[in-house]
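Asker: The structure follows.
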Amino acid sequence: DETPDDLINWIEDNTPKDYHGEELADAYDFLRNADRWLGRVRATQNYSFWRYAADNMTAGVAAARRESKGGWTRYGPPSYWSKLGRSRGTRDRRDYLARRIAATNGVSMSTARREIMPYLATMTHHCKNRELTVAMAARYELEAEHVSFVTGSGEDTNKVQSIVEDARELREEQSVAASQGAFEPSPDHEPSEETAVEADEAAEDEPEGAGEANEDSEDTGGEEACDDTAAESRPEDDEQAGLSEFI
């Protein structure tokens, strides 16, 4: 099934094969009215207007016929579709550029296509302003095919390839400058490494038995201190209260 948007292309492309003179003028007048109704559908999203568009492009075009015509006519798909197929690659590059420009500048894709891309194409025509072309490629992160599309220069030419390389280096420099040293090593790490080396050297110079002697002395002192504390805290037997005092 075809929508009225597709059907009008079929009728418009094949009408001149059967209609001539005043019949053709009247048929195109009905197609003009149908296209107006389709525009209202796109503007208001009210698809009930499709009925009026369909009436004009079918019954209206048929009513424009005044004489019968014999023979066989070969109908074909709209030439507009074949043009779209041939220009698919170009439209894809255009839409990619518009998307990048719109995302970077905070505008819509239609604004980027209508108001920004023509100025960029004029200012960077054939890469004559090389510095501006490099800045453009760096800002929008463009590859060789996109630079070629904007400037009109060949994609495989040396100047386009060198512009892409310079733009890549420019982006890297701008990233490093914007980081404000976030990716550089911290200077606080150097003293800690020296301190670690000094600690290792001091551990190697210390006698082997010193550590064990210190541990034994610490254990002995700890045990004596515990005994003294226990003795002090233990009350005399005579001073203790017995059960007989409460009887």
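Asker: Tell me the Kirkwood radius of region 88-179: reciprocal of the mean inverse pair distance over distinct alpha-carbon atoms, in Å. Don't jump to the answer; show the numbers that get you there.
Answerer: Details: mean 1/r = 0.0754 Å⁻¹.
Mean inverse Cα-Cα distance, inverted, gives 13.3 Å.
Asker: Return one quarter of the surface area of the convex hull spanned by the alpha-carbon atoms of region 46-102, equal to its mean projected area, in nm². Intermediate values should be presented prior to the final figure.
Answerer: On the way: hull surface 29.0 nm².
Approximately 7.3 nm², given one-decimal rounding.
Asker: Enumerate the lysines that LYS159 could reach by cross-link, defined here as Cα to Cα under 18 Å, with residues fewer than 8 away along the same chain left out.
Answerer: Partners within reach: LYS128.
Asker: For region 27-162, what are the per-bin percents of Cα-Cα distances with bins 10 Å wide, up to the bin holding the maximum?
Answerer: Calculated P(r), rounded to whole percents: 10, 25, 22, 17, 16, 8, 1.
Asker: May I pose another question? What's the extension gain from GLN174 to GLU115 if we count 0.36 nm per residue and subtract their Cα-Cα distance?
Answerer: Working: separation 59, 0.36 × 59 = 21.24 nm, distance 2.69 nm.
Result: 18.6 nm gained on full extension.
Asker: Pop the C-beta distance of ARG99 and THR58 into the FRET formula with R0 = 22 Å and round what comes out to the nearest 0.05. Present the calculation step by step, with values, prior to reporting the outcome.
Answerer: On the way: r = 38 Å, r/R0 = 1.74.
Efficiency for this residue pair is about 0.05.
Asker: Here is a further query. May I ask you to compute the full-extension gain from ASP29 to LYS69, defined as 0.36 nm times their residue separation minus their alpha-carbon distance, rounded to one decimal in nm? Walk me through the numbers before you get to the answer.
Answerer: On the way: separation 40, 0.36 × 40 = 14.40 nm, distance 2.07 nm.
Going from the current span to full extension adds 12.3 nm.
Asker: Here is a further query. If you wrap a convex hull around the Cα atoms of region 4-66, how much volume per residue is inside, in Å³?
Answerer: Values: hull volume 3.6 nm³, N = 63.
Per-residue hull volume (Cα only) is 57 Å³.
FYI, it's all coordinate maths here, none of it is from the lab. What you see is a predicted model, and the numbers here were worked out from it, not measured in a lab. Don't worry about glycine lacking a Cβ; one is built from the backbone with ideal geometry, like all the others, and counts go over all protein chains shown.
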